1. Do we find a residue being in a loop (DSSP other than H, G, I, E, B), more than 18 Å from the chain's Cα centre (by Cα) and not β-branched (V, I, T) anywhere in region 72-94?
2. Could you list all residues from region 31-48 that are of a type outside the set (D, E) and part of a loop (DSSP other than H, G, I, E, B)?
3. Of the residues that make up region 54-69, is at least one surrounded by 14 or more Cβ atoms within 10 Å (Cβ to Cβ), of a type in the set (D, E, K, R) and modelled with pLDDT of 95 or more?
4. Just to check your reading of the model, which residue among G99, G92 is exposed (fewer than 14 other Cβ atoms within 10 Å of the Cβ), closer than 24 Å to L23 by Cα and of a type outside the set (A, V, I, L, M)?
5. Would you pick out the residues in region 49-71 that are among the aliphatic types (A, V, I, L, M), part of a helix (DSSP H, G or I) and in contact (Cβ under 8 Å) with a residue 24 or more places away in the chain?
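The values are calculated or read from the model by the stated rules, or taken from the named source; none is laboratory data. No experiment lies behind these values; they were computed from the predicted model shown. Ideal geometry is used to build each Cβ from the backbone, glycine not excepted, and the neighbour counts take in all protein chains shown.
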Amino acid sequence: MHSNNLETALAQSTRRVVGLQLLSSVVIAVLFLFQDVLHAASALFGGLTSVSTALILSRGVRRAGEAALSDPKKSLAILMLGALQRFILVLGLLALGLGLLKLDPVAVIVGFVITQISYAVSTRSGNASQK
């Protein structure tokens, strides 16, 4: 039962954080729409790149929590592998957006950074409200 409560809390936290990130991404994209559609799409791409890392982190934390019950070393390995996966994902998506899709570099980076900041703010405020 305790594990079920933790899973529920993690799911709620993930929805809240990802929702804030999506909102940030859309707001930044709308602001870039004043320049043109390419800039808006670029900012949205950067923001969604950040959102994808939050989703992978959430999945990894859930898996690590399950594994920790039987093997703490496996739990740590899952978290480390998740960090590597997120790093490779960000590099790959940014390379795709900037190289192949020829999106605007400034808008992509701004969208990514602002959405990452919203992630940090939402996780800090979530931790503070749980205390």
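1. Checking region 72-94: not a single residue is in a loop (DSSP other than H, G, I, E, B), more than 18 Å from the chain's Cα centre (by Cα) and not β-branched (V, I, T).
2. Answer for region 31-48, where residues must be of a type outside the set (D, E) and part of a loop (DSSP other than H, G, I, E, B): L33, F34, Q35.
3. There is no residue in region 54-69 that is surrounded by 14 or more Cβ atoms within 10 Å (Cβ to Cβ), of a type in the set (D, E, K, R) and modelled with pLDDT of 95 or more.
4. After ruling out the rest, the residue left standing is G92.
5. Listed by number, the residues that qualify are V51, A54, L55, I56, L57, V61.
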